[in-house]
Amino acid sequence: MKELLEIDKIVHSCEKCINLVEKFPEDKTVFLGNNNDIVLIGEAPANNGWRKSHLLWRDSSGKMLPSGVILQKLFDIIDKNILETTFLEAVKCYPLERKNLKVCSHNCKDIMLEQLKVLKPNLIITLGEFPTRVLLDFSFKKYSEVVGNIYEVNGYKILPIYHPSPISPKSYNGNLPIFENLKGMKSWKN
């Protein structure tokens with residue numbers, strides 16, 4: 001935990017994207033959760049999510065966000081709770097414009113890798129294209145080419161899934177077979 005708090009200090013002092021993002025207050029951590037068996041990696045903090053509530057998958061009123069509802073339904077298949085699962089973002093600050101995700105995720109890559117080194121997850125589930133592109137060590141044309149496959153990269157098992165946002169047409173139905181398959185797999189658990 002202490003090592004992760006030290007990494008937080010690096011995030012708070014970073015100025016690589018200073019004109020592209022809204023920074024977090026220094027009293028907020030940039031990781032949440034306490035179970036590292038699976039680590040979820042999102043694209044970037046949502047405007048209405050944990051960066052304001054400081055609660056996983058909840059808005060500032062404490063209500064479960066729609067993405068969290070969908071993801072929990074998927075996690076129910078593998079008997080996991082998303083509120084206990086450690087959650088990171090590929091981009092550590094709130095991007096002012098979505099077009100900056102590529103630059104910001106590139107700038108945050110080393111920080112995310114340091115967090116993963118401390119957490120030592122059995123499986124990393126990437127939520128969407130940007131965290132997947134940051135972690136996979138090969139290029140791909142279409143995101144659908146890699147979704148649902150487990151890749152071993154730098155000692156980590158990485159499973160890309162469709163982002164669980166309800167605006168994504170594949171948020172639940174596209175991910176359902178992935179989680180049904182994951183339930184039967186034992187290789188990611190060790």
If eta is 1.306 mPa s and T is 10 °C, what Stokes-Einstein diffusion coefficient results for segment 93-143, Kirkwood Rh from Cα pairs, in µm²/s?
-> 131
State the antiparallel share, in %, of DSSP beta bridges confined to the chain, rounding to the nearest 5.
-> 35
Would you check the accessible area of Val103, probe 1.4 Å, heavy atoms only, in square angstrom rounded to 10?
-> 70
For the chain, what is the accessible area per residue in Å² when the probe is 1.4 Å?
-> 51
Quick one: helix 101-119 against the long Cα principal axis of the chain, what's the angle to the nearest 10°, folded into 0 to 90?
-> 70
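Roughly to the nearest percent, how much of the accessible area of the chain is carbon and sulfur, given a 1.4 Å probe?
Summing carbon and sulfur atoms, their accessible area is 51 percent of the total for the chain.
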Most fluctuating residue of Lys142, Lys92, Lys23 in a GNM of the chain with Cα springs under 10 Å: which is it?
-> Lys142
What fraction of the Cα pairs in segment 71-125, stated in percent, has a spacing above 15 angstrom?
-> 58
Pairs of Cα atoms under 8 Å, at least six residues apart: use those to get the relative contact order of the chain, whole percent.
-> 24
Magnitude of the Cβ-charge dipole (Lys and Arg +1, Asp and Glu -1) of segment 97-149 about the Cα centre, nearest 20 debye, reported as 120
Once you've got the GNM for the chain with C-alpha springs shorter than 10 Å, pick whichever of Lys117, Lys170, Lys141 has the biggest mean-square fluctuation.
-> Lys141
Sequence of Ser165, Ser144 when ordered by accessible area, the most exposed leading, probe 1.4 angstrom | Ser144, Ser165
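Quick one: order His106, His163 from most to least accessible surface, probe 1.4 Å.
Per-residue accessible area, sorted high to low, gives His106, His163.
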Just the number, please: Stokes-Einstein D of the chain in µm²/s, Kirkwood Rh from C-alpha pairs, 37 °C, 0.692 mPa s.
-> 197
Amide H neighbours of Leu88 under 5 Å, counting only residues 5+ apart in sequence or on other chains, H built in-plane at 1.01 Å?
-> Leu40, Ile41, Gly42
Counting only residues 5 or more places away or on other chains, whose amide H sits under 5 Å from the amide H of Ala46 once H atoms are built in the peptide plane?
-> Arg51
What longest range of the chain stays clear of loop-exposed GluC sites (Glu not before Pro) (DSSP non-H/G/I/E/B, at most 16 other C-beta within 10 angstrom)?
-> 98-190
Phi to ³J(HN,Hα) by Karplus 6.51 cos²θ - 1.76 cosθ + 1.60 over segment 5-12, Hz, x for Gly, Pro | 5, 5, 5, 4, 4, 5, 4, 5
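The values are calculated or read from the model by the stated rules, or taken from the named source; none is laboratory data. As the structure is a prediction and not an experimental result, all values here were calculated from the model. As a convention, Cβ positions derive from the backbone with ideal geometry for all residues, glycine included, and neighbour counts pool all protein chains shown. Note: accessible area is taken over every heavy atom of the protein model, side chains too, but ligands, DNA and RNA are not part of it. Shrake-Rupley method; radii C 1.70, N 1.55, O 1.52, S 1.80 Å.
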